[in-house]
Every structure is written in C-alpha cells, then in structure tokens.
Amino acid sequence: MNKKTKLIPPGLVYIADNITSKQNLLGAPKGSGARWAKDLNLPKEAETVFFAGCGYQYSASLESLMSIIRKLDKSPVGAGLPMGVASFTKRMGFDPAQLYRRLAAKDGDAAQPLLDAVKVLKGLGVEFGYLAEDEPCCGGILHYTGLEEDFAQNAQNLYKTLKSHGVKKIIGIVPSCTYTLAELIPKHVPGYDIEVKHFLQVVLEGIKSRELRFPREAKVIYHDPCQLARYLGLIDEPRRILKAIKGIELVEPDWTFGEWATCCGGGGGFEVVFPELSQILAVNRVKELLETGADIIVSHCPGCILQLEEGLKALKIKNVEVLDLAQVVAMAMGV
Amino acid sequence: MSVFGDYKKEIMDAAHNERIRLALSRAIKQYRANVDKTLKAFPQTIKLAEEVRGIKERAIGNMEKLAEQACRAIEANHGQAYIARTADDALNIIGGLVGSGKLIVKAKSMTSEEIGLREHLEEKGNEVYETDLGEFIVQKLGSRPMHILAPAVHVPKEDVAKLLSEITGEDLPADVEVLVATARKLLREKFFKADIGISGSNVVAAETGSLFLIENEGNIRLATGAPPVHIALVGMEKLVPSLADAWKVAEVTWRYANYTIPPYISVVSGPSCTGDIEKVITYGAHGPREFHVIFLDGGRTELAKHPGLRQLLYCLRCGGCLYECPVFGVTAGHFGDKYFAGIGAVWAAMISGDKEKAAALAYTCLTCGRCKVRCPMAIDVPEMVVELRKMLAAGG
C-alpha cells in the first residue's frame, strides 16, 4: 500500500489491504472462499473456468460484518469514527478474520447461488472448471478506490495465474468482477487474450429449447444491478430468461428499471464508508420495487442481494423473498 | 471534527430530514414526467444533443481563442469585456465596477455561487436581491442552493408559506399561486430601483459576443433590462463559435431541463442604444447604458488539458443528472459543495482546492452511472469520479 492514502476513507483502505494481502475483500484466510465447492469435483485445470468472486463466496461473512458496521455507524462510538472500520478494528480488537472463522459454517448456505449456478451450467452441458483456492481476486475495488497502481499490479498477477492454469475463457457471475475482468484488467495487461462471458449470456444460449417451470405461481420483480445493466449492458438477457419460465409473472417498477434502475445503495465500497446512508438507500429501493405488489425480488449480484435483504429487514417485511437469478433458474430447471 | 466528519454529519442530518425527502420525491417525479413528455414532443432533441456534444468538444479545446474573440465582439458592440483568471480576479473586477452602497438585482447564476459573488458584494456594503424565486427563497432562508436549476428544490411549499408569512407579516396559505404572487409583489419595485443587474449566461456565441439567457420567470429580462448597468459573469466553458451553435446548445439545455420551450430566451450582445434622433447613436436607451461581461477561467483552461476530466466542461447545467442520483434524492445539495453530486465532486476538486472536501464528495458517489444515462452530453461521471479518486489517492 502506498503512503499517500490519507484522503481515502479507511474502510476502503482496509478492503484494499485485504485484497492485496489475502486476495479477498474480507481479509479471510487466503483461498478459504473455495469451501463451497469442495464436494463438486470441478476440475482445476480447464480452458473455461467459472469465476465465483468474493461477493458470493464470502457473502455470509460480509453480511455479518456489515451489520456490525451499521450498528457502529449509528452509535456514539461510530460518530467519532466516521470512516474508521480499519481504525475501529484496531482500537476495539475486532478481527474480521476471526469473525470469518466463527461464521465459517454459515458460508455454505450463502453460497447457494454459486452451487445453483454450477448446477445450471452442468445441466446445460457446459464444460468448465473452477480455480478454487487459486482463484484470484479481480481487484475491482482497488480501481474504484483510486489505487490504480495496486490494481494494475493485481491485474498482471491475475493474468499470470489464469495463464498458468491454461484458462482461455471465463464465465463470470458477480457483475463487478465480470466487468473488471472484461473491461478494466485488459487496460493493464498487454496482449490480454481471455474471453469473458457472463453467466446470463451462457444460460440464455443454453435454455432455448428447454421447458422451464417455477415450482409455484409467483409475481416476480427483477432488480437490475448497476454493473450488470449500465456497465455490462445486460438488460434484456435476465428478462428473457425470467419470461421463459412458466409460473413466473414478471413485473416492472414505474420508470426505475433497466438502464434507469435505482442503485441498491451498495456500490463500490460505499456501504463501508456510509453504512447508514447505504441502508436508507436500500430501503428506498425496496419500496420502489414493492409498489408493484411483487412477492419475489430477483436480482443477480451478491451486493444487491445483501442490500435488498437488508431493506426488507429494516421495513420488517416478511412475506417477500429475495432470490438470486441463478437460484431461480436452477429451481425452474429442476436441477 | 474532521472535514469528513462534519460533512458526514451534514448529509446524514439531511438524509433523516423528512421535509427534504418530501420535497425531492415530488420534484423527481415531476421532472421525469416533464422531461419524458418534452422528449416525446421533440424527439429530434436526442440527435441534436449528439451534435451539441461535438460542438462542445471542439469549443472546450479552443476556449482561450473563443474568449478573446468574444471580448473583441463585445467591445465592438460598445460593451466592456474581461477575462478573469481566478475567482478573486473576477470578484475584484466586479467589485470595482459595482463599488458600494448600490441596490443590485441578481439573476440566478451558479458561476456567481462558485465565486461567492453575492456575499462579496454584500460585504462591500451593497444590497443584493436574488430575483429567481427559488434563489430568493434560499437567500431569505439563509441557506444555499440545493440544485443548480431549482435552488429551493429541498423546500416544500408549506415551508415557503411560513417563510413568506414571516417576511410580509401576513398569514399566507401553502398555495403555490399565492406564494408566487407574493414574491412578485416583494421584488417588483426592486427591479426598477436597482442600480445594477447581474446575470450569468447559458451559452455565449463568440462571433458576436452574444449571451443567451434562458428563463421562465421573467426576472432575468427585468434584472438585465431595467437597471442602467448590466454585469454578466460567465464561465469560459460556455463559449461556442457561432450564433447557430449557441442556439443548438440552448435548445438542448432547456429540453433536458424539462421544458418544451421556455417562455423567454433573451440574447444580449451589448448596451441598449438608439439612433432615432438625427441618426446619432446614443447608448443607454430603455435598457442598460453599460454592459460588462466577465469571462471566468477559474481552472477551466487547465482542466481542459486533462484527458479524463475535461468532459466536466461539456456540462450544460441542465440539472437532469441530479434528479437521477440516489444519494442526491435523499440529501439534496448537501451532497455537494458549490456544485452537486458526483459531477460536483469534480468541480469541488477543481475550484475549491479543498482536497478533503473533494475526497469526501468523491467517495460519496455510488458510481452507479444513472446520471450518465440522463446526461444529454453523455458525461461519464463515474469515470471522472474514479479518475479524481486516483488523483486524491496519489496525494492530490
């Protein structure tokens, strides 16, 4: 980490340090995010690999960490520590790595979208591997934090890792990781020759002639993640998939869908710097979505999923479910 | 407390303020409906916006020459023109022209907010009236603008009624029509008693030195037409080569500011004059006798050289992006400095020199990118914000 970082909110410096030292956002032991896939027997050497990303792999831990940060932010202690996740962790002896170990058991459930995504891809006959504990962090947050040198270094290391495993093509699932792999990393890696596709593009190609049926009748609203809709331009794809599933009635909010979708309030580390404001934005977004009377909110980004669940919780709404699109497709395929 | 600590407290107080949220939710809904209707009625605006982007790109690369050309044109029109390199230069020029003990009527101008013009003139012992209704409300509240086109966007009508009731000593209802009529009554005589009128400009044609002023209320026509002296402060990024270019810029600006056609578009190129008595041209007829235009650099020519950030100068100040910013939607202009939201962070870095404030704003941007979708100039605010963060992370 370079020295001139005093203008960067400490929360982001903390995440950046975790990426550079542990190759994940949370500072969990290196490679520990791969546990979700330990029984899947996915090959580690493959031309096409599934890129799971930090967000899903560590989502239970992130959720717990965020709930602590939010409580802190609202408390008198938090007021004196405006951005200080890092300084807080030092002063209060709080160790996210330890928290991670405590919550290790929970992570299995939270990785459900990943397990479902793997089932869907297998069900569609796609051949792919997974780098498991060798999967590098895309480092996107380094770029968005403004630490471009660190990002460039991370990008070059990542490329070397991918090449050493013989990777030619990536199927990404986290919107931000996918955009980083497809658009940002190539700017720092001369001759970058990895083809990047998003999970939804692969699914859409694969499901053409399949019968898809949701286990029950449901009114579904789809929340577009910013990076998926406005960065990667994947707006029609999720809708075409949802519309192909029998039993699902897809509804849209007034105005705020597709390229006009409202951010869930969890963008690019914002939730670490402004946890309480982030929660307010999550609540606002959930309200917009529920004006349609939907009973399932579907999205496709680990950050959005956390935020939307947080919004529902804050509004004390219990009869609405948040599901990842990968889960919905798996249910509809019956895999 | 630190700059960031103070700022965070300010935006969190705003985010918990139900009045702000009520006013903004009404405004955002109204804006979207209006702009949707406007662009459906004039679908050619979208193509015109692309053309204007090209005009702006070329003009920004040529600001210095355009400013010199405009100065020559204005002087040929018997006006006075100046190029101010810094905000202080601009304040000194205008302060020198105004002096003290004057009554001044002001049109709304973000560039004057940028340099703190009203406060400067008040300190010099002048009486200054903001005549744009929103700006008047904000001035009387002792607040600052919270949107570039709708400065009182954060004040619901009930609060305006309370404010104007206090000023007039009457018990006014929260009825928008009554409130507007009250403001008209309060400001009417000021226009005709004023020594000086001050305005900005939406776009300037360099070839003729013509200032385009777009408005609804009619206050700009009065403020720039009734007093004997008209002073205009204009950012150099407002310059375009020709009258035809300026018209295109103006049209796109008002469409994205949600108007099909505004009631008034004034084009001012010099002081008023007449040759009606023996063909002797005499300056100072019914309009102003003196016309002064100050072009403000204030970091703009430097910014134009920066490949990632120069797009900031393409901004038409239509204000559309602000309505699409989720953070602005709950905090209004508290997420800002002189200018607001993500794009305001870049302005703050450029004009205020306060790196800590600029950093606080830069890291408040979600980089969600909905502003870019709205922007007629397709300004990539997230890209600029990340660029700014890189500069800040490297120590500014």
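Readers should treat all values here as calculations from the given coordinates under stated rules, not as data from a laboratory. Computed from a predicted structure; not experimentally measured. Counting neighbours? That spans all protein chains shown, and the Cβs are built from the backbone with ideal geometry, glycine included.
The charge dipole of chain B, taken about the Cα centre with unit charges on the Cβ atoms of Lys, Arg (+1) and Asp, Glu (-1), comes to about 900 debye, rounded to the nearest 20. Just to confirm my numbers, what's the Cα centroid distance between region A:106-170 and region B:330-396 in Å? Taking the Cα centre of region B:330-396 as reference, the centre of region A:106-170 is 30 Å away. Among DSSP bridges having both ends in the protein assembly as shown, what percentage is antiparallel? Round to the nearest 5. Antiparallel bridges make up about 20 percent of those DSSP assigns within the protein assembly as shown. Considering chain A, its Cα convex hull presents a mean projected area of 16.3 nm². All other residues whose Cβ lies under 12 angstrom from that of residue A:133 are scored, Lys and Arg at +1 and Asp and Glu at -1, for a net of +3.
By the rule of a C-alpha distance below 12 Å, with chain neighbours fewer than 8 residues away ignored, the aspartates and glutamates paired with residue B:56 are B:237, B:245. When the charge dipole of chain B is built from unit charges on Cβ atoms (+1 for Lys and Arg, -1 for Asp and Glu) and taken about the Cα centre, the candidate among B:336, B:196, B:163 whose Cα reaches farthest toward its positive end is B:336.
Counting, for every residue in A:144-153, the Cβ atoms of other protein chains within 10 Å of its Cβ and taking the mean gives 4. Relative intensity of chain B on a log10 scale, I(q)/I(0) at q = 0.09 Å⁻¹, equals -0.52, per a Debye sum over C-alpha point scatterers of equal strength in the absence of solvent. For region A:267-287 versus region A:300-317, the inter-centroid distance based on Cα atoms is 10 Å. Around the Cα centre of chain A, unit charges on the Cβ atoms of Lys, Arg, Asp and Glu (plus for the first two, minus for the last two) sum to a dipole of about 680 debye. If a/c stays under 1.5 just call it rounded; otherwise compare a/b with b/c (prolate if a/b is bigger, oblate if not). Do that for region B:1-117, with a ≥ b ≥ c from the square roots of the Cα gyration tensor eigenvalues. Oblate, because a/c is 1.5 or more while a/b does not exceed b/c. Relative contact order of region B:147-282: 22 percent, from C-alpha pairs under 8 Å at least 6 residues apart in sequence. Helix content alone sets the calculated 222 nm mean residue ellipticity of the protein assembly as shown: runs of n ≥ 4 DSSP H residues at -39500 (n - 2.57) each, divided across all residues, give -14500 deg cm²/dmol. Shown here for region A:254-335: GluC sites (Glu not before Pro) in loop regions (DSSP other than H, G, I, E, B) with at most 16 other Cβ atoms within 10 Å, namely A:291. Database note for chain B: Cys without another Cys beta carbon under 4.7 angstrom, B:71, B:273, B:315, B:318, B:325, B:365, B:375.
Relative to the Cα centre, the charge distribution of the protein assembly as shown, modelled as +1 at Lys and Arg Cβ and -1 at Asp and Glu Cβ, gives a dipole magnitude of about 1040 debye. Mean projected area of the Cα convex hull of region A:220-291, taken over all directions, amounts to 5.0 nm². At q = 0.06, 0.08 Å⁻¹, work out log10 I(q)/I(0) for the protein assembly as shown with the Debye formula, treating every Cα as an identical point scatterer and leaving solvent out; two decimals please. Log10 of I(q)/I(0), two decimals: -0.40, -0.69.
The order of the peptides A:150-161, B:81-92, A:112-123, A:132-143 by mean Cβ neighbours within 10 Å, most packed first, is A:132-143, A:112-123, A:150-161, B:81-92.
Give a quick list of GluC sites (Glu not before Pro) in region B:204-279 that DSSP marks as loop, anything other than H, G, I, E or B, with at most 11 other Cβ atoms within 10 Å. Loop-located and lightly packed - B:278. Of the Cα atoms belonging to region B:57-168, the radius of gyration and Dmax stand at 17.2, 50 Å. Counted by neighbouring Cβ atoms within 10 Å, the residues B:255, A:216, B:317 run from fewest to most as A:216, B:317, B:255.
Its relative contact order, with pairs defined as Cα atoms under 8 Å and 6+ residues apart, puts chain B at 22 percent. Based on C-alpha pairs under 8 angstrom that are at least 6 apart in sequence, region A:208-333 has a relative contact order of 31 percent.
A Cα-only calculation for region A:208-333 places Rg and Dmax at 14.1, 46 Å. Fewest-first ordering of A:17, B:171, A:236 by other beta carbons within 10 Å of each residue's beta carbon gives B:171, A:236, A:17.
Reported to the nearest whole Å, the Cα centre-to-centre distance from region B:206-251 to region B:137-167 is 26.
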